[in-house]
Amino acid sequence: MQRRAIQVRGIVQGVGFRPYVFGLASQLSLRGFVRNQAGSVSIEVEGQRDALDSFLDELTSRPPPLARIQEVSWQELDCLGQPEFRIEPSQAEHGSPVFVSPDIGTCDACLAELFDPGDRRYRYPFINCTHCGPRLTIITGAPYDRPQTTMAGFAMCDACRAEYENPADRRFHAQPIACPQCGPSLQLLDAAGARMDCPDPLADFAQSIADGMTGAMKGLGGFHLVCDATNAAAVHRLRQRKHRDEKPLAIMVANVSQARRWCHVSAEEQKLLASSRKPIVLLRKRSLPKGTTGELADSIAPRNPWLGLMLPYTPLHHLLLDALDGRPLVMTSGNQADEPIAYRDGDAPRQLAGIADCFLTHDRPIHMRCDDSLVRVIDGRELPIRRSRGYAPEPIGLPLECPLPVLAVGGQLKGTFALSRGAQAIVSHHLGDLDHYEAYRAFIADIELYERLFDVRPKMLVHDLHPDYGSTRYARERAATESLELLAVQHHHAHLASCLADNGLCEPAIGVTFDGTGYGLDGAIWGGEFLIGDYAGFRRAAHVRYVGMPGGEQAVREPWRMALAHLLDAGCDPALLEPAVPRAQLRMAEQMLDKRLNSPITSSVGRLFDAVAALAGLRQRVSYEGQAAVELEWLASEAPGAKLYPYEITSPDAHCPPSPLVGEGPGVRGRSTFDSSSPPPLVIDTRPLVRALAADCQRAAPREAIARAFHETLADIICDVCTRLRTTTGLNLVALTGGVFLNSVLTSLARRRLEQQDF
């Protein structure tokens, strides 16, 4: 006989772990107890040594599906001779690491009950169990027990209490447990937010959607704006009201079969659609004959060969789709422009005034807003575009342990922050762009929530090198107020380091870091970088040739400005942009470049994409970030392999001053691990490329061929530069990182070329 004290750390609360342990111990005739502690489960088991070995083996190799075990440790104790195995009350323990499960889509067992007329939760929109339902969005403290959730105000009825306390029931300690007798209920509000008296709010809401109206529905982490995806007038009206002219809208469909009707779905994409995370998955559209019954409105994703599709992930979604006979629904974030999504009942009618005709809400509060996640599959691998509901706040394992708690505050656009704890990073849900005051307020509030929830008190704040980011100002002000250490990190070094960490690597690499904007060590705007580096430091080994950005940020919104800059730099006639751009505007921008007025220099590949899109006549102005580059990718995906445009790789010139090492940059702590005597960076001279591409545009070559040739050339540049750097450094590991590599065509082409060269 032996007794063992076992400690299990990880996502082991709110996922059915204690009932699983109870059942396993009972099956093996073991005695003792299991209890929740902050961030862990504590188990003491007593019995035959062989049975204890089997218990540990099962525990570590076959835990519950939603559990994520980080660590299991045990020690031997004296036997106590207990008569049974029991589940004991939870214990709070300050200082122990806390783990919180993401919100989980409705499981099959709950879905079966939802549509079973004989079940007491038949058509109850808040059905859940330990295997599904809200987690992050309702938790208010640790450990994860009902009093520390937004369900604390709902007293369980006798029937729910019996399930909650029965270790053999799948709702044992399911904290959001509820039923029609004791749980939350739906309400329907009019456009002004006044409660409407109706016996079945869901049925009335569904009828409004069927009648072509726009509704706002309270989901897991906030409100969605909903309309009939097959009603072109309804979709157009939603776009007008939300001032979202062209950016694609997400669609919710009833099941994978329906997804296949509209889109091509690979095995990996199907797996993601149907997973418990239920993200929006970017899928390639099918070509359907015009006039197809129930055809999706063209304005959902104008001229776009891709659709963002997701499956229902709450009981309420399932019921709404059922009430509408499974017709596809637009299901987009309930917000104005790029503001945070509305999530409080009292605020939603004000925030969504003029957009929603009615509101389907309920009285279960959302404690933390959380937007939908968005992913795509490239070469068979999942690539997150927006990591949020279903993923956050699941920790990401780090290959190195952080010596002290860190808060990293991220960049300005598509904001997230991260807390470090040992060898883990707890990355927040998507917060939006910090340009907006409401998003910045949410950023500050959610940092406070995460720190309290995960019991992490940072001793160091890490921020982007850019001095004007809202996140940088926050870090500097807080560090000064609380006397915390402060570390500035160059934007593209952060991209390289995070790519290495994401792949669990601890070795130097060639970092191909392409994006739209990043503050460089020389004060220029970087974005076409080849770095040699690791976590401790980096050297800028090559970059795309600098050109000016006439108008600064205005050049991001008007790609013709970047096209003009590249044409002039390459010695081409800017008249190529006429008449799409009036001559007076071209002359004004040309003068800005000539006199270097509000024309910062940039090496950005993102801006190079903009320039090519404008030259090809695709897009002179954009209505959302990255629109020109995305449309160029669409065109390239429709063309076969094409010719390569010429380019040159040269030593620096007057426009490309050498940059200091990371340790010599302003406000940067720590020195590079690389020799300061390294040569200055190579320069990818884009002028031959622009001249050849402009000639193709002038003779009206097919735009698809131009787009494909540009992508092929970029991939060739990547492979060429990496090969040169391998010769001088001996490095064979390449990290492709930065927003440009969300481009599936470029990423696939570059990966294939690099692998052919044995990288």
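Taking the Cα centre of each part, how many Å lie between region 1-39 and region 528-545? Each part reduced to its Cα centre gives a spacing of 48 Å. Taking Cα centre as origin and charging only the Cβ of basic (Lys, Arg, +1) and acidic (Asp, Glu, -1) residues, the dipole magnitude of the chain rounds to 920 debye.
The sum of -39500 (n - 2.57) across all DSSP H runs of n ≥ 4, divided by the residue count of the chain, sets its helix-only mean residue ellipticity at 222 nm to -9000 deg cm²/dmol. Per-residue surface analysis assigns Glu448 an accessible area of about 110 Å², computed on protein heavy atoms at 1.4 Å probe radius. Computed FRET efficiency, Cβ-Cβ of Glu590 and Asp502, R0 56 Å: what is it to the nearest 0.05? After rounding to 0.05, the efficiency reads 0.85. Label sites at Asp347 and Arg752, each approximated as a point 7 angstrom past Cα along Cα to Cβ, lie 4.7 nm apart.
Here region 1-76 is treated with +1 on each Lys and Arg Cβ and -1 on each Asp and Glu Cβ, and its dipole about the Cα centre works out to around 240 debye. For the chain, the share of DSSP beta bridges that are antiparallel, to the nearest 5, is 75%. Taking amide H positions as placed in the peptide plane 1.01 Å from N, state which residues far from Thr686 in sequence (5 or more) or on other chains have amide H under 5 Å from it. Result for Thr686 returns Arg545.
Computed from phi, the 3J(HN,Hα) profile of region 223-237 under the Karplus parametrisation 6.51, -1.76, 1.60 (θ = phi - 60°) reads 8, 9, 8, 10, 8, 6, 5, 9, 9, 4, 5, 5, 5, 4, 5 Hz, with x in place of Gly and Pro. Residues of region 116-140 with backbone nitrogen within less than 20 Å of a virtual label 7 Å along the Cα-to-Cβ line of Ala203, please, listed as ranges. It comes to 116-127, nothing else.
Got a sec? What order do Thr513, Thr481 fall in by accessible area at 1.4 Å, biggest, i.e. largest, first?
Thr481, Thr513
Across the options Ser101, Ala67, Phe55, the greatest Cα extent toward the positive end of the charge dipole of region 1-115 (unit charges at beta carbon of Lys, Arg, Asp, Glu) belongs to Ser101.
Selection among Gln175, Ser287, Gly193 by position relative to the dipole of region 167-311 gives Ser287 as farthest towards the positive end (Cβ unit charges, Cα centre). Ignoring the sites themselves, the chain has its longest run without trypsin sites (Lys or Arg not before Pro) in a DSSP loop having at most 10 other Cβ atoms within 10 Å at 304-698.
Between the amide H of Leu136 and those of Asp103, distances stay under 5 Å, these residues lying 5 or more places away or on another chain, with hydrogens modeled in the peptide plane.
Can you give the FRET efficiency to the nearest 0.05 for Arg286 and Asp716, using r as the Cβ-Cβ distance and R₀ = 41 Å?
0.80
Applied to region 312-327, the Karplus parametrisation 6.51 cos²θ - 1.76 cosθ + 1.60 on θ = phi - 60° returns per-residue 3J(HN,Hα) values of x, 10, 10, x, 5, 4, 4, 5, 5, 4, 5, 5, 9, 6, x, 5 Hz, with x for Gly and Pro.
Annotation: Glu638 carries an accessible surface of approximately 110 Å², with a 1.4 Å probe and no ligand, DNA or RNA atoms counted. For the chain, the longest principal axis of the alpha carbon atoms and the long axis of helix 560-569 meet at an angle near 40°. Placing +1 on each Lys and Arg Cβ and -1 on each Asp and Glu Cβ, with no other charges, gives region 90-177 a dipole about its Cα centre of roughly 160 debye.
Give, as a single signed number, the net charge of other residues whose beta carbon lies under 14 Å from the beta carbon of Pro550, with Lys and Arg counted +1 and Asp and Glu -1.
Values: positive: Arg557, Arg561, Arg587, Lys595, Arg596, Arg607; negative: Glu553, Glu558, Asp569, Glu590, Asp594, Asp610.
Surrounding charge for Pro550 is 0.
Residues whose amide H falls under 5 Å from that of Gln37, counting only those 5 or more places apart or on a different chain, are Ser42, Gln91, with hydrogens built in the peptide plane.
Under the classification rounded if a/c is under 1.5, otherwise prolate if a/b is larger than b/c and oblate if not, where does region 203-317 fall, given a ≥ b ≥ c as square roots of the Cα gyration tensor eigenvalues? Oblate. A simple rule links phi to the HN-Hα coupling: the Karplus curve 6.51 cos²θ - 1.76 cosθ + 1.60 with θ = phi - 60°, which for region 423-436 gives 9, 9, 10, 9, 8, 5, 6, 5, 10, x, 8, 6, 4, 8 Hz, with x for Gly and Pro.
Each label point was placed 7 Å from the Cα along the Cα-to-Cβ direction; for Ala152 and Asp78 their separation is 4.0 nm. Site pair Arg68 and Glu88 shows an inter-label distance of 2.8 nm when each label is modelled 7 Å from Cα along Cα→Cβ. In plain terms, the chain from Gln7 to Thr60 could stretch by 17.9 nm, reckoned as 0.36 nm per residue minus the Cα-Cα distance. If R₀ is 35 angstrom, what is the calculated FRET efficiency for the pair Ala194 and Tyr122, using the beta carbon separation as r and rounding to 0.05? Here the calculated transfer efficiency is 0.75.
Only one residue of Leu568, Val734, Val406 has its Cα farthest out toward the positive end of the dipole of the chain, where Lys and Arg carry +1 and Asp and Glu -1 on Cβ, and that residue is Leu568. Within the shell of other residues whose beta carbon sits under 12 angstrom from the beta carbon of Arg753, the net charge comes to -3, with Lys and Arg scored +1 and Asp and Glu -1.
Contact order for region 18-152, expressed relative to its length and based on alpha carbon pairs under 8 Å spaced 6+ residues apart, stands at 25 percent.
The values are calculated or read from the model by the stated rules, or taken from the named source; none is laboratory data. Here the structure is a predicted model, which is why all the values come from computation and not from measurement. We place every Cβ from the backbone using ideal geometry, glycine too, and count neighbours over all the protein chains shown. Heads up: the accessible areas ignore ligands, DNA and RNA and are worked out on the full protein's heavy atoms, side chains in. Shrake-Rupley method; radii C 1.70, N 1.55, O 1.52, S 1.80 Å.
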